[in-house]
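Chemist: I have a structure here, written as structure tokens, and I will follow up with some questions on it.
The values are calculated or read from the model by the stated rules, or taken from the named source; none is laboratory data. In this text, all values refer to a predicted model and were calculated from it rather than measured experimentally. Using ideal geometry, Cβ is built from the backbone for each residue, glycine included, and neighbour counts are taken over all protein chains shown.
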Amino acid sequence: MAIAAFSYHDPTSVPEALKLLEKLEDAKPLAGGQSLVPYLFFRMQRHRHLIDLNNIPELSYCSTEDGFLRIGAMTRQRTLLESGLIAEICPILQDALHVLGHQATRTRGTIGGSLSNMDPSADLFGVSALHNAILRVRSSRGEREIKVSDWAETFMKPSMAQNEMLCEVRWKLWPKGHGHAYQKFAKRHHDYAIVASGALMTHDGGGKIKQVSLVVIGLGIKPTRLTEAEEMLTGKAPTVELFAEAAKSVRQYELYPEEFANQGYPRRFVSAEFRRHLGEVYARRVMEAAWQRAIR
Amino acid sequence: MDRAIADAQLAKTENPEATRVVTLTVNGAPHSAETTTRTTLAIFLREDLRLTGTHIGCAHGVCGACTVMMDGESVRSCLMFAVQAHGHDILTVEGLSNKGELAPLQACFRAHHALQCGFCTPGFLMTLTDFLRHNPNPTESEVRQALTGNLCRCTGYKNIVAAALDAAKQMRANAAAA
């Protein structure tokens, strides 16, 4: 099907884009377009105006400052996957990007587009949740910061107003040499996650876990941080049994509200029970893998 | 608001059928054509520039048949608007051969019988051209992962993977000889 008619705008600066977003009715920012353009084709979405952000170089960067990683919203997934800096300081981002989409979609796809689209299967949302990321959104009236835990307003809708736009993601870096793992279950390699899990871990030097962060995506409309499992593991000397016990806590978390449970094919054909089972299995696997890397 | 009313208002106050002159380089040659801003790059290449080597399979980013390279990196030309390629450098399957001589990757596709109907082939060639430039000595598993974004309904992929590995070997030999 052809895309419904829209008016195209291509600003070259953030203030110009924000002004358009403020002024125009039903305007939608266009980032990499790897999800939005298919939605337009299917007419799942239809907008009177598209504001193309691809000509705004100031939104594309990746840097570190005071122990924080800062990534501009229009930074391409491929750029992050091929970045030597990211490989060194935040390898789990590349673990996730490696199983996210395909070579050609990562060339165009951006981190900010992925987070703003807020698909419950979005791997980058999961990685952001693992790091307690802060999302900086701007409008022509000012800017504010949103915690990643508050990012989801509802199914596929971030808590941004119509005139706001995500400009930067930042998170605190983990110490050098930390353990990391990200694995996902999908219908085919690199496809939308049915369930995925990520883990970050540090070793105290004496055989115990010093710090741990765990997430599962695919259980609900936003990533599920396994806070109970994190508490269970902190300060303990891990064993296979301990990881298995901690992973069991996945089963207590809420699944999608019923009205969304069947929306989108990663969910439609997979029962809630099977998703919980996968969550438990994948959480256990990434805990084990992250620990192996933490003690290397 | 009722959709029909919205559409009527849209027609009055906005100009969704606005056209732009898109100027870009395709396979080393400059091209320029006027097109509507909602025309995808894939349709622009095929219908405005009459470069029909780029195929449109699913037209929503799943099958990979429309893959082309922009500024040296593979992209889905059905998920971009032509206006977004303005000023950029595009390589399509028509640009792979050199004065009628097949590129090593194309010759390997022929030698290994890596196509049957051939519909998906332009996309596979462009994906692999990008991949092999960045990874000249891949493992079979890496080739298979690079090809996850391209669907072929005929071959079962086995011969495509064999052709890619053989092409990588020949290209390494050519590079060493040069």
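Chemist: Any chance you could count how many residues in region B:133-158 are crowded, with 21+ Cβ neighbours inside 10 Å, part of a helix (DSSP H, G or I) and facing another protein chain (nearest Cβ under 9 Å)?
Modeler: The number of residues fulfilling the criteria is 3.
Chemist: Inside region A:135-252, counting only strands (runs of 3 or more DSSP E) that do not spill past its ends, which hold 1 or more residues that are closer than 20 Å to A:Leu97 by Cβ, within 17 Å of the chain's Cα centre (by Cα) and among the charged types (D, E, K, R)?
Modeler: A:165-172, A:179-185
Chemist: Here's something else I'd like to know. With respect to B:Leu102, determine if the residue is within 14 Å of another protein chain (Cβ to nearest Cβ) and under 18 Å from the mean Cα position of the chain (by Cα).
Modeler: In short, no.
Chemist: Can you tell me how many residues within region B:73-91 are of a type outside the set (A, V, I, L, M) and over 11 Å from the mean Cα position of the chain (by Cα)?
Modeler: First pass over region B:73-91, keeping only residues of a type outside the set (A, V, I, L, M): B:73-74, B:76-78, B:81, B:84, B:86-89.
Now drop any that are not over 11 Å from the mean Cα position of the chain (by Cα), which leaves B:81, B:84, B:86-89.
Residues in region B:73-91 being of a type outside the set (A, V, I, L, M) and over 11 Å from the mean Cα position of the chain (by Cα): 6 in total.
Chemist: Might you check whether a residue that is more than 8 Å from every other protein chain (Cβ to nearest Cβ), of a type outside the set (D, E, K, R), surrounded by fewer than 24 Cβ atoms within 10 Å (Cβ to Cβ) and under 16 Å from B:Thr39 (Cβ atoms) occurs anywhere in region B:55-76?
Modeler: Yes, some residue in region B:55-76 is more than 8 Å from every other protein chain (Cβ to nearest Cβ), of a type outside the set (D, E, K, R), surrounded by fewer than 24 Cβ atoms within 10 Å (Cβ to Cβ) and under 16 Å from B:Thr39 (Cβ atoms).
Okay, residues lined up against (1) in a loop (DSSP other than H, G, I, E, B); (2) among the small types (Gly, Ala, Ser); (3) surrounded by 21 or more Cβ atoms within 10 Å (Cβ to Cβ):
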{"residue": "A:Pro11", "(1), (2), (3)": "yes, no, no"}
{"residue": "A:Pro15", "(1), (2), (3)": "no, no, no"}
{"residue": "A:Glu25", "(1), (2), (3)": "yes, no, no"}
{"residue": "A:Tyr39", "(1), (2), (3)": "no, no, no"}
{"residue": "A:His47", "(1), (2), (3)": "yes, no, no"}
{"residue": "A:Glu58", "(1), (2), (3)": "no, no, no"}
{"residue": "A:Thr64", "(1), (2), (3)": "no, no, no"}
{"residue": "A:Leu80", "(1), (2), (3)": "no, no, yes"}
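Chemist: I'd like to check something: does region A:122-136 contain any residue that is of a type outside the set (A, V, I, L, M, F, W, C) and within 14 Å of chain B (Cβ to nearest Cβ)? Don't jump to the end; show me each part of the working.
Modeler: So in region A:122-136, the residues of a type outside the set (A, V, I, L, M, F, W, C) come out as A:123, A:126, A:128, A:131-132, A:136.
Next, only the ones that are within 14 Å of chain B (Cβ to nearest Cβ) stay: none.
No, region A:122-136 contains no residue that is of a type outside the set (A, V, I, L, M, F, W, C) and within 14 Å of chain B (Cβ to nearest Cβ).
Chemist: Let me ask something else about it. Can you spot a residue in region B:41-62 that is part of a loop (DSSP other than H, G, I, E, B), of a type in the set (D, E, K, R), modelled with pLDDT of 95 or more and farther than 24 Å from A:His102 by Cβ?
Modeler: The answer is yes; a qualifying residue exists.
Chemist: Identify all residues within region A:81-104 that are within 14 Å of another protein chain (Cβ to nearest Cβ), touching a residue at least 24 places away in the same chain (Cβ under 8 Å) and within 15 Å of the chain's Cα centre (by Cα); write none if there are none.
Modeler: Of everything in region A:81-104, those that are within 14 Å of another protein chain (Cβ to nearest Cβ), touching a residue at least 24 places away in the same chain (Cβ under 8 Å) and within 15 Å of the chain's Cα centre (by Cα) turn out to be A:Leu81, A:Asp95, A:Leu97, A:Val99, A:Leu100, A:Gly101.
Chemist: Let me confirm something: among B:Asp130, B:Asp166, B:Asp89, which residue is more than 14 Å from chain A (Cβ to nearest Cβ), of a type in the set (Asp, Glu) and either surrounded by 14 or more Cβ atoms within 10 Å (Cβ to Cβ) or in contact (Cβ under 8 Å) with a residue 12 or more places away in the chain (or both)?
Modeler: On inspection, the qualifying residue turns out to be B:Asp166.
Chemist: Can we say A:Pro38 is free of Cβ contacts under 8 Å to residues at least 12 places away in the same chain and within 9 Å of chain B (Cβ to nearest Cβ)? Walk me through it before giving the result.
Modeler: Details: free of Cβ contacts under 8 Å to residues at least 12 places away in the same chain: yes; within 9 Å of chain B (Cβ to nearest Cβ): yes.
Yes; evaluated as a whole, the condition is true for this residue.
Chemist: In this structure, does A:Ser7 turn out to be within 12 Å of chain B (Cβ to nearest Cβ), farther than 19 Å from B:Ser77 by Cα, buried (at least 18 other Cβ atoms within 10 Å of the Cβ) and out of contact with any Cys (no Cβ under 8 Å at 6 or more places or on another chain)?
Modeler: It is true that A:Ser7 is within 12 Å of chain B (Cβ to nearest Cβ), farther than 19 Å from B:Ser77 by Cα, buried (at least 18 other Cβ atoms within 10 Å of the Cβ) and out of contact with any Cys (no Cβ under 8 Å at 6 or more places or on another chain).
Chemist: Among the residues of region A:111-157, which ones are at pLDDT below 95, under 27 Å from A:Lys23 (Cβ atoms) and in contact with a Gly (Cβ under 9 Å, 6 or more places away or on another chain)?
Modeler: The one that is at pLDDT below 95, under 27 Å from A:Lys23 (Cβ atoms) and in contact with a Gly (Cβ under 9 Å, 6 or more places away or on another chain): A:Met156.
Chemist: Right, here's the next one. So which residues in region A:253-262 are assigned to a loop (DSSP other than H, G, I, E, B) and either in contact with a strand residue (DSSP E or B) (Cβ under 9 Å, 6 or more places away or on another chain) or of a type outside the set (Gly, Ala, Ser) (or both), if there are any at all?
Modeler: A:Tyr253, A:Glu254, A:Leu255, A:Tyr256, A:Pro257, A:Asn262
Chemist: Does A:Leu36 satisfy the criteria of being in contact with a strand residue (DSSP E or B) (Cβ under 9 Å, 6 or more places away or on another chain), among the aliphatic types (A, V, I, L, M), over 19 Å from A:Asp119 (Cβ atoms) and not assigned by TED's automatic domain parsing to the domain that holds A:Arg106? Step through it out loud before you land on a result.
Modeler: Numbers: in contact with a strand residue (DSSP E or B) (Cβ under 9 Å, 6 or more places away or on another chain): yes; among the aliphatic types (A, V, I, L, M): yes; over 19 Å from A:Asp119 (Cβ atoms): no; not assigned by TED's automatic domain parsing to the domain that holds A:Arg106: yes.
Taking the combined requirement at face value, the residue does not satisfy it.
Chemist: What's the number of the condition B:Val161 fails, among (1) within 11 Å of chain A (Cβ to nearest Cβ); (2) in contact with a helix residue (DSSP H, G or I) (Cβ under 7 Å, 6 or more places away or on another chain); (3) among the β-branched types (Val, Ile, Thr)?
Modeler: Single failed check for B:Val161: (1).
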